[in-house]
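The values are calculated or read from the model by the stated rules, or taken from the named source; none is laboratory data. Everything numeric in this text was worked out from a predicted model, so none of it was measured. Here the Cβ is made from the backbone with ideal geometry for all residues, glycine too, and neighbour counts use every protein chain on show. Side chains are part of the model used for accessible areas, which takes the heavy atoms of the whole protein and leaves out ligands, DNA and RNA. Shrake-Rupley method; radii C 1.70, N 1.55, O 1.52, S 1.80 Å.
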Amino acid sequence: LSAPVIAIDGPSGSGKGTLCQKLAQHLGWHLLDSGALYRLVGMAADKHGCAFDDEAAIAKLAANLDVEFVAGEPGEPTRVLLEGEDVSGDLRTETTGMLASKVAVLPAVRSALLGRQRDFAQAPGLVADGRDMGTVVFTSAPVKIFLTASAEERADRRYLQLKSKGDDVNLAALLGEIRARDKRDSERELAPLKPAEDAVQLDSSGLGIDEVFDRVLAEVNARL
Ligand code: C5P
């Protein structure tokens, strides 16, 4: 590794995203949102009408992913352009998450994204958010965290998050979708969602983001 990496893995809604943003900001390190890459590949596959078992075609899209991140005005979020089209509004939806988990089972897609992910490990350091950061992409990361929370709590959090963006969401449907996505992510053959042997496991159920942040920062300080 050309720079130290903090690998943070866990299921959707565990609080990883917020935690990683806070950590990267606090340390002044780079941030890799690997889920966004899988989401973009899922969207590209959908847009080009690829069959989800057409591994070669989707891997080709992944290898040539035409994506641009455009920083917004101060206080405005970064816009994401896929093949020149602004997809920021759709990137975080549960529909896109499901597309992502469908392309993420394909080995050729995962290997097409490997180099792109590793390139993010630049000085002074990287906070990497995903499912297989500690087990596959950055196996020698000095800090590995596996963050979980109960499916019910994750559905509640996601519900509030999507609701606050004005999305029309249904809690029971969301819980079902989260369970389906967990199942696909945990049971796939390649790089399934599971803690690395040397990961610190943390259950964030009932904890606020500040408590989670403090615990992880203590772990980081102890190891770096
Ligand atoms: O983290 P996020 O919900 O954005 O990830 C979307 C999907 O992308 C996950 O459900 C998973 O199927 C896939 N993914 C993955 N490996 C990663 C990150 C995401 O397989 N490192």
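Nearest-5 percent of antiparallel DSSP beta bridges in the chain? Could the numbers behind the result be given before it?
On the way: 6 of 23 bridges.
Looking only at bridges with both residues in the chain, the antiparallel portion is about 25 percent.
Taking the solvent-accessible surface of protein heavy atoms with a 1.4 Å probe, what is the per residue accessible area of the range 66-224 in Å²?
Per residue, the range 66-224 has 52 Å² of solvent-accessible surface.
For the chain, what's the radius of gyration and Dmax over Cα atoms, in angstrom?
Reported Rg and Dmax, both Å: 16.7, 48.
Using 1/(1 + (r/R0)^6) with R0 = 35 angstrom and r between the beta carbons of Ser164 and Ala56, what's the FRET efficiency to the nearest 0.05?
Given R0 = 35 Å and the Cβ-Cβ separation, E is 0.30.
Distance from a point 7 Å along Cα→Cβ of Ser111 to each backbone N in the range 48-75: keep the residues under 16 Å and list them by number.
Zone members listed by number: 55-64.
Please give the solvent-accessible surface of Thr135 in Å², to the nearest 10, using a probe radius of 1.4 Å with every protein chain present.
40 Å²
Mean 1/r over all different Cα pairs, inverted: what Kirkwood radius does the range 132-173 give, in Å? Write down the numbers at each step before the final one.
Details: mean 1/r = 0.0792 Å⁻¹.
One decimal place: 12.6 Å for the Kirkwood radius.
Projected onto the charge dipole of the range 105-209 (+1 at Lys/Arg Cβ, -1 at Asp/Glu Cβ, origin at the Cα centre), which of Ala180, Leu106, Asn170 gives the Cα projection farthest towards the positive end?
Value computed over the given set: Leu106.
What length, rounded to one decimal in nm, is gained on full extension from Glu189 through to Gln122, with 0.36 nm per residue of separation minus their alpha-carbon distance?
21.1 nm
For the range 30-160, give me the percentage of DSSP beta bridges that are antiparallel, rounded to the nearest 5 percent.
Antiparallel bridges make up about 60 percent of those DSSP assigns within the range 30-160.
Please give the contour-minus-distance gain from Glu211 to Met98: 0.36 nm per residue of separation, less the Cα-Cα distance, rounded to one decimal in nm.
Going from the current span to full extension adds 37.7 nm.
So how many Å³ per residue does the convex hull of the Cα atoms of the range 1-99 work out to?
138 Å³
Going by amide H atoms built from the backbone, whose H comes under 5 Å of the H on Val127, apart from near neighbours?
Distant-sequence amide H within range of Val127: Ile6, His30, Leu31, Leu32.
Is the shape of the range 98-224 rounded, prolate or oblate, going by the alpha carbon gyration tensor and its root eigenvalues a ≥ b ≥ c, with a/c under 1.5 for rounded and a/b larger than b/c for prolate?
oblate
Could you tell me how far the Cα centroid of the range 160-205 sits from the Cα centroid of the range 67-142, in Å?
16 Å
Top to bottom by accessible area (1.4 Å), largest first, where do Arg154, Arg215 land? Mind showing how you got there, number by number?
Numbers: Arg154 10, Arg215 125 Å².
Ranking Arg154, Arg215 by accessible area, largest first, yields Arg215, Arg154.
Could you tell me which residue out of Phe69, Val87, Gly35 lies farthest along the dipole of the range 1-89 toward its positive end? Charges go on the beta carbon: Lys and Arg +1, Asp and Glu -1, centred on the Cα centre.
Gly35
Check the straight Cα-Cα distances from Lys165 and name the lysines below 28 Å, setting aside those fewer than 8 residues away within the same chain.
Lys16, Lys22, Lys47, Lys102, Lys183
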